[in-house]
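Visitor: Please see the structure below; I have some questions.
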Amino acid sequence: MYPTHGEREQPIFSARAHVFQIDPATKRNWLPASKHAVTVSFFYDANRSVYRIISVGGTKAIINSTITPNMTFTQTSQKFGQWADSRANTVYGLGFATEQQLQQFSDQFKEVKEAARLVREKSQEKFELANPVLNIAAPQEPSEERHSPPLLTVNGPEDKLVRSKSADTEQQASEKERIKKMLSEGSICEINLEAELFALQDSNAKLVAALHEANTGVEEWRKQLSDYQEETERLRDQVSELEAQSRRPGPSESEMRDELTQSLEELEALLKAKDEEIRNLQSKKSDIHDLEKQREEAVERLQDLETRNVELEHRVKSAEHTLASSLDERERAAGEVQRVVDILDVKIYDLNGLRESLAKLIDK
């Protein structure tokens, strides 16, 4: 299941999840460490004999947690789990798409934690087995001196044996100190290199994010510019259509006024003629009966004229209403044209500003 000792570091299990970290200020709220679901993997470093959980978002490592035997993965809901990392001084949270994925990750965490415990126990046993003289030689030397005092006074092979054991003990102690010093220096150097690597990766990620943000801004500005151009063309077409409607032929105001004036003049002339006729009839009093008859006829004709006058007045009012409606329609059309022209001016102004911003950005 796990990689061999000859391999450097290989993934042993991977899953897709949303990564969160606890808010360092409140220690209660979760802060998203990734915008989308990322790959979270268990790794085994054979050279250092450690297990780690690593996840990379873009070019930045958002999880780098070394698993220790005292860690615990807790399932806080059906699709969410968390664990605390004292070395990183944070709490990691993972949100999975299904309950099955969460359960698989939890089982894998338990297996890796147990493997880390076994690795630690084996390393302690190896350390004790590799240095038995450091634990045994020191208490044995006084016993050998107490049980073999003649070896201190007799010249010969026994004296050489005591000196050889003492020299071996001192050499092993110095070798132990030298190994401890090398391991300490190697760990410090590796930690420094790892910290420098993460710092460089973080800086590179920030530069890539800034470049991506700039490219996104340029694309958004280009899209906005295209939208403004399309809207400008649409407004121009609307203005052209309104102008064409305003130019369509129709009865002009002067023509309608002339027609109404002519009708009134005709009516006035007719009334004057009738009045003159009545006066002429009144001057003729030769025959009262004829005059009465003529008067009745004149009255009837006058009534007919009044009826025609009423009809003409209705026609005049209808014509005035039509004229007023035509004037209101022309005023509304003119107002709509002016409003569209104002909107077009504003859009052209915004378009010019956007072009200047885009030009400045491209120059940068």
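Visitor: Which cross-chain or sequence-distant (5 or more) residues have an amide H under 5 Å from the amide H of Ala33, H modelled 1.01 Å from N in plane?
Guide: Long-range HN contacts for Ala33: Val19, Phe20, Gln21.
Visitor: How far apart, in nm, are two points set 7 Å out from the Cα along the Cα-to-Cβ line at Thr216 and at Val50?
Guide: With each label placed 7 Å out from Cα toward Cβ, I get 3.3 nm.
Visitor: How much accessible surface does Ser123 have with a 1.4 Å probe, in Å² rounded to 10?
Guide: 60 Å²
Visitor: Which entries of Lys60/Lys110; Lys272/Lys317; Lys110/Lys206; Lys60/Lys347; Lys206/Lys360; Lys27/Lys206 have Cα-Cα distances beyond 31 Å here?
Guide: Numbers: Lys60/Lys110 27 Å; Lys272/Lys317 23 Å; Lys110/Lys206 35 Å; Lys60/Lys347 42 Å; Lys206/Lys360 23 Å; Lys27/Lys206 26 Å.
Violating the 31 Å Cα-Cα cut-off are Lys110/Lys206; Lys60/Lys347.
Visitor: Would you grab the residues whose amide H sits under 5 Å from the one on Val50? Only those 5+ places off in sequence or on another chain, please, with H modelled 1.01 Å from N.
Guide: Asp45
Visitor: Another question, if that's okay. Distance in nm between label sites at Ser174 and Thr72, each 7 Å beyond Cα in the beta-carbon direction?
Guide: Label at Ser174, label at Thr72, 5.0 nm between them.
Visitor: List, in order, the whole-Hz ³J(HN,Hα) value for each residue of the stretch 61-73 obtained from phi through the Karplus relation with A = 6.51, B = -1.76, C = 1.60 and θ = phi - 60°; use x for Gly and Pro.
Guide: Ordered by residue, 3J(HN,Hα) equals 7, 8, 9, 8, 10, 7, 7, 10, x, 8, 6, 9, 9 Hz.
Visitor: For Lys223 paired with Lys360, estimate the spin-label separation in nm (one decimal), with each label point 7 Å from Cα along the Cα-to-Cβ line.
Guide: So the label points at Lys223 and Lys360 sit 2.3 nm apart.
Visitor: Which net charge results when you count Lys and Arg as +1 and Asp and Glu as -1 among the other residues whose beta-carbon is under 12 Å from that of Arg234? Could you put the intermediate results ahead of the total?
Guide: Numbers: positive: Arg236, Lys347; negative: Asp227, Glu230, Glu231, Glu233, Asp237, Glu241.
Spelling it out: positives minus negatives among the neighbours equals -4.
Visitor: Check which residues have an amide H placed less than 5 Å from Ile63's amide H, if you skip close sequence neighbours.
Guide: Under 5 Å from the amide H of Ile63 lie the amide H atoms of Ser55, each far enough along the sequence or on another chain.
Visitor: Now for a separate question. Tell me, what ³J(HN,Hα) does each residue in the stretch 321-329 have, in order and in whole Hz, if you take phi through Karplus 6.51 cos²θ - 1.76 cosθ + 1.60 with θ = phi - 60° and put x for Gly and Pro?
Guide: Per residue, the Karplus-derived 3J(HN,Hα) values read 4, 5, 5, 5, 4, 5, 5, 5, 5 Hz.
The values are calculated or read from the model by the stated rules, or taken from the named source; none is laboratory data. In this text, all values refer to a predicted model and were calculated from it rather than measured experimentally. Reconstructed Cβ throughout: ideal geometry from the backbone, glycine too, with neighbour counts over all protein chains shown. Only protein heavy atoms, including side chains, enter the accessible area calculation; ligands, DNA and RNA are left aside. Shrake-Rupley method; radii C 1.70, N 1.55, O 1.52, S 1.80 Å.
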